[in-house]
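Just so it is clear, none of the values below were taken in a lab; they were calculated from the coordinates. These numbers come from a predicted model, not from an experiment. Don't worry about glycine lacking a Cβ; one is built from the backbone with ideal geometry, like all the others, and counts go over all protein chains shown.
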């Protein structure tokens, strides 16, 4: 399997994207914003369709779509500060509408399946380098703002009183989520990336470790899911994105069963 360059590229990209997605995903899960990934993934699809229409690299179109969606999200959050979930619903609705319009202009001969469900084994050198570069940026920023993220995730009011620039940090991480979703459209798929953001961290939470321990475990599980998913897709001729998600769900169920057995009350003699 590793004798082929495209498989080596797939594994390298999978590792970097998995780590970046988990670094961002734990913020999404703890802030209860799982729908944010869906909104941005639909925006990525609209960007892909626009890229096809304009005859530019669809991955660059995906990045453009998610970045514009992140900007709109932040503007809407300021318009509805007490009802921020409205902004997610508005962006998702707009993205779905634009995706439908742009895809109709692209013509019936154009196929978006590789961007819907991912085609990590067919990525180009440009897409590989973009994935690695953006993933490194996401990981680095997460490390730099580790304490601020921790504070905001668990006590937003106290973080504000302590002088943490909450609006700046939240805006920055919305941007990072947009970049992660945008660059993952080709490798993982626009309909799959939101699952990659949530499932590994959800599995790790069931093991009831510390904040740092849960994050590190989630990164490990995400890499494991991606590696096994790509391996299964190679030997069983399955879509890589779908394989990764199914394995992620199975691992989540396995973690839930083990957690239940481990923490169930012991019967008295």
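Okay, here's what the table says:
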quantity	calculated
Computed [θ] at 222 nm, helices only, for the chain once each DSSP H run of length n ≥ 4 contributes -39500 (n - 2.57)	-27000 deg cm²/dmol
Whole-number percent relative contact order across the stretch 132-269, with pairs defined as alpha carbons under 8 Å at least 6 apart	19 percent
Kirkwood Rh (inverse of mean 1/r, distinct Cα pairs), the stretch 125-233, angstrom	15.4 Å
Equivalent-ellipsoid semi-axes of the stretch 5-191, from the Cα gyration tensor, Å, largest first	29, 21, 11
Prolate/oblate/rounded label for the stretch 159-222 (Cα gyration tensor, a/c 1.5)	oblate
Full-extension gain in nm, residue 236 to residue 256, via 0.36 nm per residue minus C-alpha separation	4.5 nm
Centre separation in Å (Cα based) which lies between the stretch 183-201 and the stretch 5-22	12 Å
Calculated P(r) tail over 16 Å for the stretch 36-86, as whole % of Cα pairs	42 percent
Normalised contact order of the stretch 5-191, rounded percent, pairs of Cα under 8 Å and 6 or more residues apart	38 percent
Rounded to whole Å, sorted largest first: equivalent-ellipsoid semi-axes of the stretch 1-68, Cα gyration tensor	24, 22, 7
Förster radius 45 Å - calculated FRET efficiency between residue 207 and residue 85, Cβ distance, rounded to 0.05	0.95
